[in-house]
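Nothing in this text is a laboratory measurement; each read-out follows from the coordinates by a stated rule. Keep in mind the model is a prediction, meaning the values are calculated, not measured. Counting neighbours? That spans all protein chains shown, and the Cβs are built from the backbone with ideal geometry, glycine included.
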Amino acid sequence: MKKIPGWLIIVIIFGALIAVKYMFFAKKEDKTAANKGKDAPPVAVNYYVAQPFEMTNKVYTTGKIGALNEISIIPEISGKVTAIYFKEGEAVSKGAPLIKINDADLQAQLLKNKTQLKLSEEKNERLKKLLAIKGISQEEADAQENEVASLKADQAYILAQLAKTTITAPFNGVVGLKNISEGSYISPAQTVASLVQVKPVFVEFSVPERYSAILKKGMDIRFSYDNNADDKDFTAQVYALEPKIDDATKTLRGRAMYSGSESFYPGSFVKVFVDLGKPGKSLMIPTQSVIPILKGQKVIVYRNGKAEDARIVTGIRTDDKIQVLEGLHEGDTVLTTGLLSVKKDSKLKLIKAGN
């Protein structure tokens, strides 16, 4: 009979000992741990009872003054500037001439075209009479008709080019600082000046997505300068809303018209106050009670002496509290301390109520 190696016997003995340990001692340790958790003293925590508060339902945000019409004056053709009719920083009316570009060559082309057209039309009249008595063929008469039509098309093109030599104001506004002088050569790549309609102006602002159903056309908003020492504010009326929510900021963009007497520079930043309706009551809890999680936020709630998790949806923040839109009810007790140490189903001992 073959003898069993000593090392193999040692391995078998160790394996048997390990098996016995797990079979007889593991259950005992589990029971001990369970009893220990069951008999663990409650965790002392501070708390806050959720209760409704009056909300002003006003949204404070930043906005920007914008001009209803604003352009950079740029020529459509190249040429030498022969006249500048505007003064920097002064108001101009719609249709008022602003600059004139040299059109001498186009005027010469127009004069030549008019002469040729006149001769061609006279010839066309003679050929029509000859065609009536069969003095010429229909083909000759048609050729002359085509020549008249071609010369008229050339004249229309020249007149269109001549119109481009005079730049006029497309709307009432104020002309900015000029970048050219009389006698300079300009091209369509060069900006002459800016033209801005300074009255009326609009205020552009954004509100969070959750208020999109409340914000409507015709609503009034209040706005003021950021650096306004006397806190004087002004009223504007919402006239347009973006038809979609911004994907990046999750806000709705709107514009409100201001037609008052106060002068604002387009591009200025302002403070905007949007009143979204009558004051209402909302549940408020301390901000330190809210715990960020992977897909939202939660709080730890005291129920039947134990800790429970509650997912919530939050709204407006104040200095020390936050509005709860979903997930809590009036009278629910939320923890304000021990949030990192308290686990689900942990026993709790309430110590101090928060305000």
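Computed FRET efficiency, Cβ-Cβ of Thr62 and Leu350, R0 56 Å: what is it to the nearest 0.05? E between Thr62 and Leu350, to the nearest 0.05, is 0.85. Restricting attention to the chain, close to 95% of DSSP beta bridges with both partner residues there are antiparallel. Note on Leu241 and Glu209: the extension gain reaches 10.3 nm, defined as 0.36 nm multiplied by sequence separation minus the Cα-Cα distance.
Exposure proxy shown here: for Lys321, Lys244, the number of other Cβ atoms within 10 Å sets the order, fewest to most, as Lys244, Lys321.
Farthest toward the positive end of the dipole of the chain, out of Pro42, Leu117, Ser261, is the Cα of Pro42, where the dipole comes from beta carbon charges about the Cα centre. Under 5 Å from the amide H of Ile312 lie the amide H atoms of Gln297, Lys298, Val299, each residue being 5 or more positions distant or on a separate chain, with H modelled from the backbone and absent for Pro and chain starts.
As I understand it, the dipole of the chain uses +1 on the Cβ of Lys and Arg and -1 on the Cβ of Asp and Glu, about the Cα centre. Which of Ile167, Ala143, Thr191 lies farthest toward its positive end? With unit charges placed on the Cβ atoms, the residue in question is Thr191. Separation of the alpha carbons by more than 24 angstrom is noted, of Lys216/Lys281; Lys58/Lys199; Lys58/Lys250; Lys295/Lys347; Lys321/Lys347; Lys298/Lys344, for Lys58/Lys199; Lys295/Lys347; Lys321/Lys347. Each of Val238, Val201, Val148 was scored by other Cβ atoms within 10 Å of its Cβ. Arranged with the fewest first, they read Val148, Val238, Val201. When you restrict to C-alpha pairs under 8 Å that are six or more residues apart and normalise by the size of the chain, the relative contact order lands at 27 percent. In order along region 291-298, phi translates into HN-Hα couplings of 10, x, 10, 4, 10, x, 9, 8 Hz, rounded to whole numbers, per the Karplus curve 6.51 cos²θ - 1.76 cosθ + 1.60 with θ = phi - 60° and x for Gly and Pro. Given a Förster distance of 41 Å, report the FRET efficiency between Ala141 and Ala104 from their Cβ-Cβ distance, rounded to the nearest 0.05. After rounding, the FRET efficiency stands at 0.65.
For region 77-195, what does the alpha-carbon gyration tensor say about shape, rounded, prolate or oblate, given a ≥ b ≥ c as the root eigenvalues, a/c under 1.5 as rounded, and a/b over b/c as prolate? The shape class here is prolate. Just report the Cα centroid separation between region 57-96 and region 284-355, whole Å. Centre-to-centre distance over Cα atoms comes out at 54 Å. Computed from label points 7 Å out along Cα-Cβ, the spacing between Leu130 and Ile293 is 9.8 nm.
Shape analysis of region 129-251 places it in the prolate category; the axes a ≥ b ≥ c from the Cα gyration tensor give an a/c of at least 1.5, with a/b above b/c.
Over all other residues within a Cβ to Cβ distance under 13 Å of Asp154, the charged ones net out to +2, with Lys and Arg as +1 and Asp and Glu as -1. Label zone of Ala163 (point 7 Å out along Cα→Cβ, amide N under 20 Å): in region 177-200 this covers 188. Peptides 334-346, 120-132 ranked from most to least packed, by the mean per-residue count of other Cβ atoms within 10 Å: 334-346, 120-132. In this rough spin-label picture, where each label sits 7 Å from Cα along the Cβ direction, the Thr318-Glu54 distance is 1.1 nm. Pairwise inverse Cα distances across the chain, averaged and inverted, put the Kirkwood hydrodynamic radius at 29.9 Å.
Listed by Cβ neighbour count within 10 Å, with the fewest neighbours leading, Ile285, Ile291 appear as Ile291, Ile285. Local charge for Val43 was computed over the other residues whose Cβ lies under 11 Å away, with Lys and Arg +1 and Asp and Glu -1, and equals +4. What percent does the relative contact order of region 77-195 come to when contacts are Cα pairs within less than 8 Å and at least six residues apart? Relative contact order for region 77-195 comes out at 47 percent. Summing +1 for each Lys or Arg and -1 for each Asp or Glu among the other residues whose beta-carbon sits under 13 angstrom from that of Leu119 gives +1.
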